[in-house]
1. Quick one: would you say G68 is at positive phi, of a type outside the set (S, T, N, Q) and touching a residue at least 24 places away in the same chain (Cβ under 8 Å)?
2. Against the condition of a type outside the set (G, A, S), closer than 30 Å to D21 by Cα and at pLDDT 95 or above, how does F51 come out, does it pass?
3. Which of the residues that make up the stretch 21-55 are of a type in the set (A, V, I, L, M) and outside any strand (DSSP E or B)?
4. Output yes when any residue across the stretch 3-20 is part of a strand (DSSP E or B) and among the hydrophobic types (A, V, I, L, M, F, W, C), and no when none is.
5. Just give me the residues in the stretch 1-26 being surrounded by 12 or more Cβ atoms within 10 Å (Cβ to Cβ), more than 18 Å from I55 (Cβ to Cβ) and among the hydrophobic types (A, V, I, L, M, F, W, C), in sequence order.
6. Do you know which residues across the stretch 30-63 are crowded, with 16+ Cβ neighbours inside 10 Å and in contact with a strand residue (DSSP E or B) (Cβ under 6 Å, 6 or more places away or on another chain)?
7. Which of the residues spanning the stretch 64-83 are touching a strand residue (DSSP E or B) at 6+ places or on another chain (Cβ under 6 Å) and charged (D, E, K, R)?
Amino acid sequence: MAAVKVAMDAFMLPGSRVKGDNEQLAECLSRWETYDASVLQPKEDLFFVRFFPMIERCGLDVMVLDAGAVYAVDAKGRIVAIQ
């Protein structure tokens, strides 16, 4: 859970807003409820935390490319890579 918290804070700081031409989409991408998350632990001291948007939760029918992220977090809570 600590790795998820570290990644969450880096991905979307509290109070931050996504900017863009499509105001409805920007609002949608600015809410945590839009995202699903998954965690993969390939080694004891490494976690991959992935956030991916589920745009349909906002009632929108648009295609969004490159809206999520994957964070590699080590056992000390440091982000070692972002994709």
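1. So G68 fails the test.
2. Judged against the criteria, F51 is a match.
3. L25, A26, L29, M54, I55 - these are the residues of the stretch 21-55 that are of a type in the set (A, V, I, L, M) and outside any strand (DSSP E or B).
4. no
5. Within the stretch 1-26, A3, V4, V6, A7, M8, A10 meet the criteria.
6. Of everything in the stretch 30-63, those that are crowded, with 16+ Cβ neighbours inside 10 Å and in contact with a strand residue (DSSP E or B) (Cβ under 6 Å, 6 or more places away or on another chain) turn out to be T34, Y35, F47, F48, V49, R50, F51, P53.
7. D74, the sole residue that qualifies.
The values are calculated or read from the model by the stated rules, or taken from the named source; none is laboratory data. None of the values given here were measured: they were computed from a predicted structure. Here Cβ is always computed from backbone atoms with ideal geometry, including for glycine, and neighbour counts include all displayed protein chains.
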